[in-house]
Amino acid sequence: MSGLYRKWTDRINEAWMFSCLVIIIMLPFLLAAGLYLKSYLIISENNLSGLLFSDIWKPAENKFGFAPFIISSLWVSLSALVLAVPVCLLSSIYITQYARSSVLNLMQPVIDILAGIPSVIYGVWGILMIVPFSVKASEWFGVHTTGYNIFSGALVLLVMIIPFILNILIEIFRIIPEELSEASLSLGATKWETIKYVLLRKAFPGIVSAFGLGLSRAFGETIAVLMVVGNVIKIPHNIFDPGYPLPALIANNYGEMLSIPKYDSALMFAALILLAVILVFNFASRLLIMRLERYS
């Protein structure tokens, strides 16, 4: 009897754990399906290429061009990622390879605090500090700006994604076996040569994954970027132009536009684009990681 009871208990536990796994796997598909159904009105009445590549945004005239919002999102997210790569990578190498263990013990709560600060506080800090700095920086290049632009949004986003990426990179370098470093050093390699040719090579798939996840995180940030990016509906041509990312479009207009079916559908389509871009980034980074692991 006890054996039969244990057998059925195991089956029940396995069943509900498998059900939880299925729910997690299905979540992206359910999100995509829900957003597609809500945005079907605008998709059915407009050409898809026109929606994605047109820069004309006149909802009153049934003209919904999402190009300014898509390009603004790419400008802000990629600029922040480019700035984050050297900062996060070099910091993680120093913390794990050069610094004493006390430095890591000090940095860990600092990173956790930065990761836990609400987005709106970063936005207020951006208005007080980054926007004036952006005005000064633009003058160095002979450009006049209000400070509310892509550059300001990228700097605020940079500070927001640093703890997220840095935490992952530190763990990646910490789990590399010490035997690899010891073997390289015993063969006469210097500390930097060991890091450059052994550790970075071993950690490269994880590094790609960390920055891929960081890019996805950056693409969806809303409030802080919304507060400093300018929110002007036009295609930005440089980092000192104002932008209007997709999350800002949704956050600024969703509540008051629910009563207008086409506008509501357009905002749902913006969310669908956002989801699609993040999924593409994640799948691309995963494929790259698989290819790197195959040849490493």
Quiz item: Which one is surrounded by the most Cβ atoms within 10 Å (Cβ to Cβ) among residues in region 114-131 that are in contact (Cβ under 8 Å) with a residue 40 or more places away in the chain and under 15 Å from Pro163 (Cα atoms)?
Solution: Tyr122
Exercise. Could you check, for region 202-210, whether at least one of its residues is more than 24 Å from Leu275 (Cα to Cα), more than 14 Å from the chain's Cα centre (by Cα) and free of Cβ contacts under 8 Å to residues at least 60 places away in the same chain?
Key: yes
Exercise. For residues that are free of Cβ contacts under 8 Å to residues at least 60 places away in the same chain and within 15 Å of the chain's Cα centre (by Cα), scanning just region 211-247, find the one that is nearest to Phe164 (Cα to Cα).
Key: Arg217
Practice problem: Can you tell me which residue among Pro236, Pro247 is under 13 Å from Ile150 (Cα atoms) and modelled with pLDDT of 85 or more? | Solution: Pro236
Quiz item: When only residues in region 45-66 that are part of a helix (DSSP H, G or I) and in contact with a helix residue (DSSP H, G or I) (Cβ under 9 Å, 6 or more places away or on another chain) count, which is farthest from Ala266 (Cα to Cα)?
Solution: Phe53
Practice problem: Scan region 205-221 and give yes if some residue there is outside any loop (DSSP other than H, G, I, E, B), at negative phi, at pLDDT below 85 and β-branched (Val, Ile, Thr), otherwise no. | Solution: no
Quiz prompt | All positions within region 64-102 that are in contact with a strand residue (DSSP E or B) (Cβ under 7 Å, 6 or more places away or on another chain) and of a type outside the set (Val, Ile, Thr) | solution = Phe64, Gly65, Pro68, Ser72, Trp75
Exercise. Just one of (1) among the charged types (D, E, K, R); (2) in contact with a helix residue (DSSP H, G or I) (Cβ under 9 Å, 6 or more places away or on another chain); (3) over 29 Å from Phe29 (Cα atoms) trips up Lys262, so point out which.
Key: (3)
Quiz item: Can you tell me which residues in region 192-233 are among the acidic types (Asp, Glu) and either in contact with a His (Cβ under 9 Å, 6 or more places away or on another chain) or under 22 Å from Tyr94 (Cα atoms) (or both)?
Solution: Glu193
Quiz prompt | Single residue of region 254-286 satisfying the filter (more than 22 Å from the chain's Cα centre (by Cα) and of a type in the set (S, T, N, Q)) that is farthest from Lys38 (Cα to Cα) | solution = Ser259
Quiz item: (1) of a type outside the set (Gly, Ala, Ser); (2) in a helix (DSSP H, G or I); (3) crowded, with 16+ Cβ neighbours inside 10 Å; (4) touching a helix residue (DSSP H, G or I) at 6+ places or on another chain (Cβ under 9 Å): which one isn't true of Leu104, the others all being true?
Solution: (3)
Quiz item: In region 199-246, how many residues are closer than 16 Å to Leu158 by Cα and of a type in the set (Ser, Thr, Tyr)?
Solution: 2
Exercise. Output the number of residues of region 132-156 satisfying the condition of being over 17 Å from Asn238 (Cβ atoms) and surrounded by 20 or more Cβ atoms within 10 Å (Cβ to Cβ).
Key: 1
Practice problem: From Val124, Val82, grab the single residue that is part of a helix (DSSP H, G or I), over 16 Å from the mean Cα position of the chain (by Cα) and modelled with pLDDT of 90 or more. | Solution: Val124
Quiz item: Looking at this structure, is Gly3 more than 15 Å from Met268 (Cα to Cα), within 29 Å of the chain's Cα centre (by Cα) and either of a type in the set (A, V, I, L, M) or not in a loop (DSSP other than H, G, I, E, B) (or both)?
Solution: no
Quiz item: Would a scan of region 273-292 turn up a residue that is more than 30 Å from His144 (Cα to Cα), in contact with a Pro (Cβ under 6 Å, 6 or more places away or on another chain) and in contact (Cβ under 8 Å) with a residue 24 or more places away in the chain?
Solution: yes
Practice problem: For region 240-255, name all the residues that are closer than 22 Å to Ser216 by Cβ and among the aromatic types (Phe, Trp, Tyr). | Solution: Tyr244, Tyr254
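The values are calculated or read from the model by the stated rules, or taken from the named source; none is laboratory data. Predicted model, so just to flag it, every value in this text is computed and none were measured. Cβ coordinates were reconstructed from backbone atoms using ideal geometry, including for glycine residues, and neighbour counts include every protein chain displayed.
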